[in-house]
1. Counting just the residues of segment A:205-215 that are open to solvent by 10 Å² or more (accessible area, probe 1.4 Å) and among the hydrophobic types (A, V, I, L, M, F, W, C), which one comes out nearest to ligand 1 (Cβ to nearest atom)?
2. Which residues, taken from segment A:120-133, are open to solvent by 20 Å² or more (accessible area, probe 1.4 Å) and modelled with pLDDT under 90?
3. Quickly run through segment B:217-243 and pick out the residues that are over 17 Å from B:Pro270 (Cβ atoms), touching a residue at least 24 places away in the same chain (Cβ under 8 Å) and within 14 Å of chain A (Cβ to nearest Cβ).
4. Answer yes if at least one residue in segment A:231-246 is surrounded by fewer than 19 Cβ atoms within 10 Å (Cβ to Cβ) and facing chain B (nearest Cβ under 8 Å), and no otherwise.
5. How many residues does segment A:37-63 contain that are of a type in the set (Asp, Glu) and more than 12 Å from ligand 2 (Cβ to nearest atom)?
6. Can you find, within segment A:19-36, the residue that is nearest to the other protein chains (Cβ to nearest Cβ) among those that are part of a helix (DSSP H, G or I) and within 16 Å of ligand 2 (Cβ to nearest atom)?
7. In this structure, does A:Arg88 turn out to be more than 15 Å from ligand 1 (Cβ to nearest atom) and more than 25 Å from A:Asp31 (Cβ to Cβ)?
8. B:Arg134 fails exactly one of the following numbered conditions: (1) open to solvent by less than 20 Å² (accessible area, probe 1.4 Å); (2) within 13 Å of another protein chain (Cβ to nearest Cβ). What is the number of that condition?
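The values are calculated or read from the model by the stated rules, or taken from the named source; none is laboratory data. All values reported here derive from a predicted model rather than from experimental measurement. In this analysis, Cβ positions are derived from the backbone assuming ideal geometry, glycine residues included, and neighbour counts consider all displayed protein chains. SASA here: full protein model, heavy atoms, side chains in, ligands and nucleic acids out. Shrake-Rupley method; radii C 1.70, N 1.55, O 1.52, S 1.80 Å.
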Amino acid sequence: MTATLTPLHSKILPAEARIIEQQPYYQPLGDEVALFEAACANQLPVLLKGPTGCGKTRFIEYMAWRLKRPLITVACHDDLTAADLVGRYLITNNETTWIDGPLTRAVRAGALCYLDEIVEARRDTTVVIHPLADDRRMLPVEKRGELLQAPPEFALVLSYNPGYQSVLKDLKPSTRQRFVAIEFRYPEAATEETIIRSESGCDAATASALVRLAQLTRNLKGNGLDEGASTRLLVHAAKLIMRGVSPSSSCHGAIAEALSDDPEMLRTLDEFAASVF
Amino acid sequence: MDVKALQQRLDYLLGPVLSARRGTEALAQAIAALEEQQQAFVLHWIEVIDRSNYELAYQFAAAAPAALQRLDETAARTWLLDALDRYDREGLHSGTRALQDHAAYTGIADHAQAASFEQHANVLRLFVCGLAGRPLQLESAAVTCTDTDTLYLPSRITVMPSAAENFNIYKVLATLLWAQNRFGSHRSDLAAACAAYPDPQYATALLMHLETLRLTPRIAAALPGIARQLVAWQNGATDARCAPLAQPEATVEHSLALLADLYGRYEPPPQPWRIMLHTEARSRRDARVQRERGELAALLAQLLEGQQQQGGGDDDAAGRFSIDSSTAADGSAEYTLKLDGRPLEAPRAVAERIESLLQDLGEIPDDYLLNEGEDADKTGDDESSLTVGEASAGNPPFHYDEWDCRRRHYRRHWCTLREVELKPGDSSFIDATLARYRPQVQQLKRSFEALRGEDRRLRRQHHGDDIDFDAVIDARIGLRNGVEMPERLFTRRHKAERDLAALFMVDMSGSTKGWINEAEREALVMLCEALEVLGDRYAIYGFSGVTRQRCEIYPVKRFDQPYDAAVRGRIAGITPRDYTRMGAAIRHLSTVLSAVEARTRLLVTLSDGKPDDYSDHYRGEYGIEDTRQALLEAHHAGVRPFCITIDHQARDYLPHLYGPARWTLVDQVEKLPLKVAEIYLALSS
Ligand SMILES: Nc1ncnc2c1ncn2[C@@H]1O[C@H](COP(=O)(O)OP(=O)(O)OP(=O)(O)O)[C@@H](O)[C@H]1O
Ligand SMILES: [Mg+2]
């Protein structure tokens, strides 16, 4: 007799607040940990900038663990509206019930709220982000006529990849200037090798070959590739190698095919892989 | 064909370069001795080459019979195309020499296991770009060497039994030549050094062996796989006397010293492929360093001025640039530009010069960064101030290939294209246009508004961000009456997003003078007014030029520029210029358009006729085919071309260029202003 609500639930409750109990492995790249802590202590929102797969998500998990706060992550997509963030009414058994969206839950719980790839979301999301991100720290829940004041523990974190979005998809200055920005780049060679080794358990020689391969692909950015191989892809390749797959097949599957579909580019990447080991 | 018929044909084809002493009889006899297919090949290519140069065609006819005796068709084609390339680049003398040098191509009889430059050029270019961090020029040539601007590789390699191994040789050669440039081999004039020995050939072979020994450990740091092959090539020939070359601080001077030491006492192992020396390597490198140093100085001076203006009155800052550079283990260079000790983001033009100099020098000497200020002006070296002036104009040239339908081959880097600023015109033109067409503009805006990707509320949805109360009431009524409750009780906002970017390229050739030019400008004004309502991303560029060396693009409105007074000024400033070399313009603008992120990318050409250019055969089939090829390339790059023309002859050639449906003829010029916006609307809805 009731409306089937399953698809709806799964849509608006994607990210449960997570308490991270085990220390996630995170290799600091600079002073980002101190910067983040200082920003949170001053109740300033944070913007993480950087290319894909360079450790932004891992960093935020680590910080949630370190600060002992629950983490709510929302992966933004081009259909994500303000209502998806704030919440909406549902109908059950002849009744309307209000369900908080992830942002509202984060405010109520004093959690870290991580909006991943914010530029993908609809423009109207800025309406709720702006008052939360300046010194008012308020979340208007319009449909219920509520105005939530965020507790000091609440922290808003956005991520944003300035690399391959066109100028047209840029973050507006009025949004940008509300945030303390932390820039992530690909780690230095030695750091990146450490990360690959700890994540995959591979040996030093493999890790260093993979980092050199990454360097070659990063040199092709703008000359046939949109983006070079990220740390993530190197970790993937290392894991395949650790399972006994040959280095060339591992790099082909985990790196080359992830970067391009162009046959000549794929051949070039394979040649790189053949040359770095 | 018999000798007589052949001779007649040759007389006709080569007439302009024949004389009393230079006849065609011997030529005709030699050609007549060839097989019929070969004869056809020769005559066809004489016709083709005629269009470039009669003398070259004659030289080809003279060389062809002997060449075709020993070369199969693939090899002959390679020989011929190489020679034409040489002619394009270096002139008749070089072209002729290359034609006579067909013996060099005998090794390349059709060979299933061969690797050819043509086949692998793109992969090799990408490979070297990955090593160098910037694109380098690669070309095929008879001698494998580098002049530090270009890496010259063999046109074919067949020395190994398998295609993969032959390709590997290419890879190793390209890496070695790159490493010579990267690690300073041509800081010295090696060709001159070798020429000073009694046996220069032996000296070259020995020196290249020593340099390879020096470069191998450097290559090993980034590419151990390649270094292993190099070690294998040396075939265990390690002499204790060469050991110091493997030290990281070894330079080309050490190799030269060892050359003197070992000359006559040491036989380098034979290599699968020999690397030679280019006599101009050192001078080109020096010239480039000099030029870039001058450009860098000018750019830094500009940068400093900009910074000081921004900083406002902070005059007592020293204005001293410095660069922290370090070389990572893999040979890649990293650097930070600093001004008075503070890190500074280097603008692209500056970064390009710095990176290029780093490649040549390994580090940037401090005096390259000195702000020479007035001193430099006083010394006033004319030539360098000329290059500086060009650099500060800030519009670097772009080079584009051009399709030669007769050769069925691209002419590499054939066109030089620049973006040129348009001087703003009289803005009263805009007001007059808007006044004249006021009702039509209103009308256009309304139809464009209807298309705008606006939020709509969808009712009775399975899920959504709000409750559809009408649906709920209906449901309650139904429920009371014992009907099952429907599921669609929500409303959802839906944005019909137009994910479209359009680039308009406007013909500014001389033939648009008068009416047509005015109609084009009016059309652009109306178009912009309408597009502003729609909110689509759009850009406008004019194009014209004279000859392949001066193709010009005039930015009117770039994608990231708003439609403002400056843009309106430039629209008013669109004036008829020269010719229409369409291919280069399309290649440039489709590159611009591909960089925009959009689901649909539309390249709309406003044109008044066929592609055409001053005196160099672009008119006619050649221009049409190059344009068609450029459009095909655009298509592959995800760009949808469309053409709006006022040429009544368009039916004869536009379908061949754009396909049957991707063009429109506006048959009266005076309709153009209204039509362009309408056509766009139809195209994009
Ligand atoms: N500093 C780091 N410490 C530990 N692991 C790292 C670090 N940087 C990258 N990694 C590894 O790379 C993987 C990808 O990182 P992560 O998912 O955090 O990337 P991201 O920046 O969030 O990328 P995206 O923008 O695509 O979401 C991680 O799973 C981890 O294995
Ligand atoms: Mg992430």
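1. Filtering segment A:205-215 for residues that are open to solvent by 10 Å² or more (accessible area, probe 1.4 Å) and among the hydrophobic types (A, V, I, L, M, F, W, C), the one nearest to ligand 1 (Cβ to nearest atom) comes out as A:Val211.
2. Within segment A:120-133, the first condition is being open to solvent by 20 Å² or more (accessible area, probe 1.4 Å), and the residues that meet it are A:120, A:122-124, A:126-127, A:130.
Result: A:Glu120, A:Arg122, A:Arg123, A:Asp124, A:Thr126, A:Val127.
3. Passing the criteria: B:Arg218, B:Ile219, B:Ala221, B:Ala222, B:Leu223, B:Ile226.
4. no
5. So the count comes out to 1.
6. The initial filter retains those residues of segment A:19-36 that are part of a helix (DSSP H, G or I), namely A:32-36.
From what is left, the residues that are within 16 Å of ligand 2 (Cβ to nearest atom) are A:32, A:36.
On the way: A:Glu32: 18, A:Phe36: 22 Å.
Among those that are part of a helix (DSSP H, G or I) and within 16 Å of ligand 2 (Cβ to nearest atom), it is A:Glu32.
7. On the way: more than 15 Å from ligand 1 (Cβ to nearest atom): yes; more than 25 Å from A:Asp31 (Cβ to Cβ): yes.
Yes: the conditions hold for A:Arg88.
8. (1)
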